[in-house]
Structure formats: structure tokens, C-alpha cells
Amino acid sequence: MAGTRLHAWMATDQLQDDHRRIWKLLKWYEDLEYTDYASKLDLLRQIRRELLLHTELEETVFYPSLDALGLEWIRELVTEAHEEHEIVKLLLGQLSHMSPEDPYFDAKVKVLSDNVRIHANGEERELFALFRMLDKAGQDQVAEELRRRREALSNGP
């Protein structure tokens with residue numbers, strides 16, 4: 001039974017690990033010299049890759065598991081989380097067409113960073129707690145699906 005309990009926490013642990021990894025990259029970006037344009041582009045590519053993988057996992061695996069609880073107020077929280085993802089994707093798209101020498105580039109990365117932190121903190125506080133409403137078998141299934149989907153997306157084209 002102890003192995004089941006450990007396994008059940010794996011879904012939120014996986015997503016929380018993503019949050020920490022993304023926050024670390026964003027912090028590294030903040031610490032760069034203003035004119036270190038090459039490093040800014042390199043870090044932004046890493047941030048983009050991590051964020052897009054993470055949002056895909058949440059939108060295709062994690063959020064549907066919460067929708068399955070069938071509670072309208074949870075669906076509203078999930079819808080809000082989807083919209084927050086759309087803002088992140090919009091900012092990433094805008095940044096992909098900008099140069100780090102653009103005076104608005106760093107400001108846009110700062111807005112991205114702030115949005116990601118607010119979203120992740122709210123998610124960990126609210127949605128991760130709601131995930132525990134699923135039975136252990138459901139939590140284990142989501143954890144396994146997250147691992148499989150991450151592997152497929154990471155090894156994809």
C-alpha cells in the first residue's frame with residue numbers, strides 16, 4: 001500500500017518539478033547582463049520548450065482528470081487555467097518575433113515570468129489539492145499517463 005501512496009503523488013510531483021525547473025530558468029534569465037543577448041536567446045529557447053511541454057501535459061492529461069470530477073466550480077478553475085496558458089503562449093509567440101536588443105524584450109520576459117509564477121502558485125495551491133479528490137487508482141493512472149505523454153513529446157519530432 002505504501003508504494004501506491006508514493007505512486008499517487010507522482011502526478012503533482014511531476015508538474016511541480018516542471019514549475020521549479022521553469023522558475024530556475026526564469027531566474028537565470030533575470031540574472032543575465034543586460035547586453036548578453038546570445039544567452040538571453042538560449043535561455044528563452046529553453047524556457048519556451050519547457051513551458052510548451054508543461055502546458056501540453058496539463059491540458060491533455062492533468063486538467064481532463066479534474067474535469068472528470070464533474071463539478072462545475074472545478075471546471076471554472078480549469079477554464080481559468082487554460083486561459084492563463086493562452087496568455088503564456090501569446091507572450092512566447094510575441095517574443096519569438098522579437099530581438100533581445102528590442103527595448104521591450106526584457107519587459108515582456110518579465111511579464112511572462114510574473115504570469116508563470118502566479119499561475120503555478122495558484123495551480124499548486126488549488127488544482128493540486130483538488131486532484132487529491134480522485135481515488136488512488138485515478139491518481140496513479142494520471143501519473144502514468146503524464147510520464148508516457150512526456151516521454152512521447154520529448155522524443156517526438
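The values are calculated or read from the model by the stated rules, or taken from the named source; none is laboratory data. All values derive from a computational prediction rather than experimental measurement. Reconstructed Cβ throughout: ideal geometry from the backbone, glycine too, with neighbour counts over all protein chains shown.
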Name the pairs: first residue in segment 132-149 and under 9 Å from Val61 (Cα atoms) and touching a residue at least 60 places away in the same chain (Cβ under 8 Å), second residue of a type in the set (Ser, Thr, Tyr) and surrounded by fewer than 17 Cβ atoms within 10 Å (Cβ to Cβ), Cβ to Cβ under 7 Å, at least 6 apart or on different chains? Arg149/Thr60
For segment 57-77, give me the residue count where each residue is touching a residue at least 12 places away in the same chain (Cβ under 8 Å), more than 27 Å from Lys110 (Cβ to Cβ) and more than 13 Å from the chain's Cα centre (by Cα). 5
Residue ranges of helices (runs of 4 or more DSSP H) in segment 26-106 with at least 1 members loosely packed, with under 12 Cβ neighbours inside 10 Å: 37-57, 72-96
Among the residues of segment 107-157, which ones are surrounded by fewer than 16 Cβ atoms within 10 Å (Cβ to Cβ), hydrophobic (A, V, I, L, M, F, W, C), closer than 20 Å to Glu80 by Cβ and modelled with pLDDT under 95? Ala129, Met133
Scan segment 26-49 and tell me whether some residue there is touching a residue at least 24 places away in the same chain (Cβ under 8 Å) and closer than 30 Å to Met133 by Cβ. no
Residue by residue through segment 71-106, note down the ones that are among the aliphatic types (A, V, I, L, M) and more than 23 Å from Asp18 (Cα to Cα). Leu71, Met98
Restricting to segment 107-139, name every residue that is outside any helix (DSSP H, G or I) and either under 13 Å from the mean Cα position of the chain (by Cα) or among the hydrophobic types (A, V, I, L, M, F, W, C) (or both). Met133, Leu134
